[in-house]
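Heads up: the structure comes next, in structure tokens.
The values are calculated or read from the model by the stated rules, or taken from the named source; none is laboratory data. Fair warning: this is a prediction, and the values are worked out from it, not measured in the lab. With ideal geometry, Cβ positions are generated from the backbone for all residues, glycine too; neighbour counts draw on all protein chains shown.
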């Protein structure tokens, strides 16, 4: 079936983080939100029907994941990513960020170093600091209009108390899809320096034409031994409100340490609806996903054409993966506070400010493209009026 992504769905008054809580976070009301990374599109029909079927049963007692759920994940990873995984490698979890925090507790001690590569998803830094670990920055390099990992600098930043590297793959917010060659060099360094890679791959299905996501752990036996993969169907199929993720590792020692950390806070009971939704999405959602990716690509092309014509000083970093556009506004000569004043308070458009992603984010804004084109156009029109 063909899906309609052009018709806006009114999400107000649904307790939507994105649409209903602007005053709590910004002190302002009536904003047009293109910030937090969820979609303004309904889930695919098969997911909705599966949820209706489960809620129709009427009993929502303690639940565990059925074998069919794990098999759906196995089949998806093989079909979409060429990654052969096993049931025994997977540990169910309530979300990628909670899993990240548990992994920090499992694999490091207070004061240990944890590497991040900013500008990067801000909960990485928060998780490290909240658990009394030490942030070790290895900023990405911006070469022209494309980012890369500075692996020479990475070697210099590692010391005897550095234990972990959090990899964002694909990278949020700069939308890089790392090549196998880049990942292989990263794995070689981490293997040699005894660094565990926590590979956040929640955006792994949101890949633009001409690019291919490579699961870090799939590269080689050596990569699998040092990698713990954090992933979920929630970003792919807009199911974030259901709360469901997986921690995947073929290394039994790493898996055991994570499970021991998980047991300490008792997160072993599944969500009765999230597993149903995930299984339905992985079994029946590929057509919906393909249409979503085509629509997001169209929104990206609309964004770049609009800014080239109406605000040529803005540069859009090429979108390789995710549905998050990283826009460089430094040529406007405005401070980050001035950008915020104009975009948020004058244009009434709510974006994610670049500095929240750490070093290298100054002068940038992140725009969520997973919305009807009319919503994106409305936001851009309002922004241009205050920025030209």
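Entry remark, the range 345-369: residues being surrounded by fewer than 20 Cβ atoms within 10 Å (Cβ to Cβ) and out of contact with any helix residue (DSSP H, G or I) (no Cβ under 8 Å at 6 or more places or on another chain) number 3 in total.
Here's the yes/no breakdown for (1) in contact with a strand residue (DSSP E or B) (Cβ under 7 Å, 6 or more places away or on another chain); (2) over 15 Å from residue 230 (Cα atoms); (3) assigned to a helix (DSSP H, G or I); (4) at pLDDT below 95:
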position: 68; (1), (2), (3), (4): no, yes, yes, no
position: 72; (1), (2), (3), (4): no, yes, yes, no
position: 77; (1), (2), (3), (4): no, no, yes, no
position: 85; (1), (2), (3), (4): yes, no, no, no
position: 126; (1), (2), (3), (4): no, yes, yes, no
position: 139; (1), (2), (3), (4): no, yes, no, no
position: 153; (1), (2), (3), (4): no, yes, yes, no
position: 160; (1), (2), (3), (4): no, yes, no, no
position: 175; (1), (2), (3), (4): yes, yes, no, no
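Considering each residue of the range 164-171 in turn, none proves to be free of Cβ contacts under 8 Å to residues at least 40 places away in the same chain and either more than 24 Å from residue 327 (Cβ to Cβ) or outside the structural domain of residue 358 (by TED's automatic domain parsing) (or both). Residue count for the range 330-370 satisfying the condition of being over 30 Å from residue 149 (Cβ atoms) and in contact (Cβ under 8 Å) with a residue 12 or more places away in the chain: 8.
When the test is whether a residue is within 29 Å of residue 44 (Cα to Cα), at pLDDT 95 or above and surrounded by fewer than 20 Cβ atoms within 10 Å (Cβ to Cβ), residue 342 does not pass it. For the range 53-66, a residue qualifies if it is surrounded by 11 or more Cβ atoms within 10 Å (Cβ to Cβ) and assigned to a helix (DSSP H, G or I), and the qualifying residues are 53, 54, 55. Can you say whether residue 195 is within 22 Å of residue 125 (Cα to Cα) and surrounded by 23 or more Cβ atoms within 10 Å (Cβ to Cβ), as far as the supplied structure shows? No, not satisfied. A single member of 35, 19 is in contact (Cβ under 8 Å) with a residue 60 or more places away in the chain and touching a strand residue (DSSP E or B) at 6+ places or on another chain (Cβ under 7 Å), and it is 35. Checking the structure you have, find out if any residue of the range 208-228 is part of a strand (DSSP E or B) and either buried (at least 23 other Cβ atoms within 10 Å of the Cβ) or modelled with pLDDT of 95 or more (or both). Yes - at least one qualifying residue is present in the range 208-228.
For the range 251-263, state whether one or more residues are within 22 Å of residue 83 (Cα to Cα), at pLDDT 95 or above, in contact with a helix residue (DSSP H, G or I) (Cβ under 6 Å, 6 or more places away or on another chain) and assigned by TED's automatic domain parsing to the domain that holds residue 58. Yes, the range 251-263 has at least one match. Out of 155, 188, 184, 160, which single residue is over 16 Å from residue 359 (Cα atoms), outside the structural domain of residue 34 (by TED's automatic domain parsing), touching a helix residue (DSSP H, G or I) at 6+ places or on another chain (Cβ under 7 Å) and surrounded by fewer than 19 Cβ atoms within 10 Å (Cβ to Cβ)? After ruling out the rest, the residue left standing is 155. If you go through the range 321-330 and keep only what is in contact with a strand residue (DSSP E or B) (Cβ under 8 Å, 6 or more places away or on another chain) and crowded, with 21+ Cβ neighbours inside 10 Å, you end up with 321, 323, 324, 325, 326, 327, 329.
Checking 15, 43 one by one, the residue that is assigned to a loop (DSSP other than H, G, I, E, B), modelled with pLDDT of 95 or more and under 21 Å from residue 352 (Cβ atoms) is 15 and no other.
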